[in-house]
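Here is the structure we will look at, set down as structure tokens.
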Amino acid sequence: MTDGENPGDMARMRLSVYLESLRARMPQAQYELLTEVLRMWAEAGGGTIRLKMDDEERELFTQEVQHELLVLMGLIGAQVPGHEDRADHVVARLGDGEHAKGVMSLVPPDVAGDSAKLREMRDKVDAVQKQRSQDLAETEAIARASGMLPPEPEEDEEPRP
């Protein structure tokens, strides 16, 4: 960067160029889904969002699209003063845990090469997913008991439409 260049301007330019490269190389439907998810994430202020996708959207939301989403999140994060280094973070595949499958995370390059740190991160995500699953099951049980949801079908019953 030369004197007088604003790091925020550089980060915005880098994001813009990356988005254009994705638009050129991704199928349109995947690019549109990716940018819609990115928009929802940004409007929620970053962090965790819960997505409800239909079958077609789930098919489009491949591991590659999720990878690009993480890269874009890093490029957006790099626009925050003091966090310019996020543009250089890489996507690390953390693998499968017992409750979380296909876990990926955006990490600094030095962390990407540290298998112990990556395993620790995966285990943490797995524990959070386990807790979420337990909380959801408990919430659904309470809703069913209070009549807010229909009873679960018996194992030998056909599910209701």
Note down all Cβ pairs under 6 Å where the first residue falls in the range 34-62 and is in a loop (DSSP other than H, G, I, E, B) and of a type outside the set (D, E, K, R), the second is open to solvent by less than 60 Å² (accessible area, probe 1.4 Å) and at pLDDT 90 or above, and they're at least six residues apart or on different chains. 49/41
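Looking at the range 82-135, which of the residues that are part of a helix (DSSP H, G or I) and small (Gly, Ala, Ser) is nearest to residue 12 (Cα to Cα)?
Taking the candidates together, the pick is 87.
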Is there any pair with a first residue in the range 117-136 that is of a type in the set (Ser, Thr, Tyr) and a second that is surrounded by 15 or more Cβ atoms within 10 Å (Cβ to Cβ) whose Cβ atoms are under 9 Å apart and which are 6 or more apart or on different chains, and what are they? 133/99
Members of the range 5-32 that are at pLDDT 90 or above, surrounded by fewer than 15 Cβ atoms within 10 Å (Cβ to Cβ) and not in a helix (DSSP H, G or I): 27
Could you tell me whether residue 99 is out of contact with any Cys (no Cβ under 6 Å at 6 or more places or on another chain) and either surrounded by 18 or more Cβ atoms within 10 Å (Cβ to Cβ) or at pLDDT 95 or above (or both)? no
Is there a residue in the range 79-96 that is basic (Lys, Arg) and touching a helix residue (DSSP H, G or I) at 6+ places or on another chain (Cβ under 9 Å)? yes
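Based on what the data block shows, is residue 86 over 27 Å from residue 20 (Cα atoms) and surrounded by 15 or more Cβ atoms within 10 Å (Cβ to Cβ)? Please lay out each step first, then the result.
Values: over 27 Å from residue 20 (Cα atoms): no; surrounded by 15 or more Cβ atoms within 10 Å (Cβ to Cβ): yes.
Considered against the rule, which asks whether it is over 27 Å from residue 20 (Cα atoms) and surrounded by 15 or more Cβ atoms within 10 Å (Cβ to Cβ), residue 86 comes out as no.
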Within the bounds of the range 33-45, is there any residue that is of a type outside the set (A, V, I, L, M), at pLDDT 95 or above and over 15 Å from the mean Cα position of the chain (by Cα)? no
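The values are calculated or read from the model by the stated rules, or taken from the named source; none is laboratory data. The structure displayed is predicted, hence computed values, not measured ones. So basically every Cβ, Gly included, is an ideal-geometry build from the backbone, and we count neighbours across all protein chains shown. Each accessible area value is taken on the protein alone, full model and side chains, heavy atoms only, with ligands, DNA and RNA left out. Shrake-Rupley method; radii C 1.70, N 1.55, O 1.52, S 1.80 Å.
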